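No lab work stands behind these numbers, since they all come straight from the coordinates. Since the structure is predicted, the reported quantities are computational estimates derived from the model, not experimental observations. Please note: Cβ atoms are built from the backbone with ideal geometry, for glycine as well, and neighbour counts cover all protein chains shown.
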Amino acid sequence: LVLDGHDKNYPLQEIARYGLVTVRPDQYLYEALVHMTRFKVERVVVLEEEQPIGVVELTDVLSFFSSRSYVVSLQVEQADSLDALFRASHRTPELVKALMAQGVKLRFAMGLLAALNGRIMSKAWGFLIDERYHQDSCLMVMGSEGRGEQILKTDQDNGLILADGFDWPGLQEQMQRLTETLIKLGYPPCPGNIMVNNPEWVGSVASWRERIARWAAKSDGESLMKLAILLDSHAVAGNPALLDKVREALFEHCSHDKMLLSHFARAVMHFSTPLTLFGSLKRPQHGIDIKKGGIFPIVHGVRTMALERRIKSTSTLDRLEALVVDGRLDERTAENLGEALSLFTELRLKQQLKRLEGAEEKAQSPDRVVVQQLSSLERDLLREALQIVKEFKQSLAQRYRFE
């Protein structure tokens, strides 16, 4: 009332917010924390059979956890300057270690970290970008961050969408500053230069539509890669409706083009599955690349099917669920693919944490897993997961008619 200059007799219905952020009684506290972080609220309403039965507040959730690492979420929310945000952001590895130590399910951990990273970027945007530009622009993240599958911070993959006809003086300089700020926050620059300081990843809705049409028509390796990157985009600041328009253009150009979908899906065959002819694990001394051999075929295969069916979700696990509802995948296959992806991600995360602690300073890429160092159970699970990947690739080859 005060901020907008209304008097005490102004009707509440004109300023009330009717969209409640809700959870179910059977959901975990971690999920409530994810919701609060993602939607920028400090409480969620608990609904049972569409009826409110209680409220959970941020202080309730944080006080429940004994580890100080969970306070990172609160520190991010309370950061009132870039310096405060820097300090909070650099504590996220503590949160990852705490989540893993307490045995939190990987899906919930990824959801919380994705929401937290989104809030960090959103707050950085708020500190750097004048509010008058927010409604006519949308900062989007792509890659694993866009899918919500990033645990530890990796390379930046981001872009900017502007409303058609919108004039932003000094845009390039401000995007350069934003990129440099994100680097200081712990997000390294993208080797492929997929960042907002690169004009190729900045443009109006009309410009993005032109790019999509050009990439779809060309359908070479680089163009298909750019379409895949854009397909995983998720809005973290500004006006998300602008991204919806761009995503719809992507669906219009690509979802019904059988030739494009075939070329798009074929990328799953770029890397061989590390199994022998008889189905045993290959055991090279330098380890097997779990990202290329396991994670990528699932992520990209599911991404292809989501593109064909115009599924807006960006998370691979959410896309699997949507494909089951759509009837394109049976529930058992989706469950197996989800469990295989979780196993690969967990093995990769263990390698990353070892390197973070200095235990693997001389080790090769964290994407590589040395089979000989795994327990018997881990080897069995890995072999079964890779067999699921192999069968999935075969089904994709049949579906999209490539060898």
Any idea how far apart residue 225 and residue 167 come out in nm if each label point goes 7 Å out from Cα toward Cβ?
3.8
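Assigning unit charges at the beta carbon (Lys, Arg +1; Asp, Glu -1) and nothing else, what dipole magnitude in debye, to the nearest 20, does segment 224-380 show about its Cα centre?
520
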Between residue 8 and residue 127, what is the label-point separation in nm under the 7 Å Cα-to-beta-carbon projection?
4.0
Would you pull out the residues with amide H under 5 Å of residue 238's amide H, same chain only if 5 or more places away, H placed 1.01 Å from N?
139
Cross-link candidates for residue 8: which aspartates and glutamates have Cα within less than 14 Å, leaving aside residues fewer than 8 places away along the same chain?
none
Angle between the Cα long axis of helix 205-218 and the longest principal axis of the chain, 0 to 90 degrees, nearest 10?
10
Using θ = phi - 60° and the Karplus curve 6.51 cos²θ - 1.76 cosθ + 1.60, what whole-Hz ³J(HN,Hα) does each residue of segment 80-86 get, with Gly and Pro shown as x?
10, 7, 4, 4, 5, 5, 4
Order these by the 10 Å Cβ neighbour count, fewest first: 401, 266.
401, 266
Residue 40 versus residue 312: modelled label distance in nm, points set 7 Å from Cα along the beta carbon direction
1.9
Listed here are the pairs 97/292; 218/258; 292/393; 123/312; which of them are more than 22 Å apart at the Cα?
97/292; 123/312
14 Å beta-carbon shell around residue 138, net charge (K/R +1, D/E -1):
-2
Taking the 0 to 90 degree range and rounding to the nearest ten, how far is the long axis of helix 171-184 tilted relative to the main principal axis of the chain, both from C-alpha atoms?
70
Can you tell me the relative contact order of the chain? Whole percent, Cα pairs under 8 Å, sequence separation 6 or more.
13
By how many degrees, 0 to 90 and rounded to 10, does the Cα axis of helix 316-326 deviate from the longest principal axis of the chain?
90
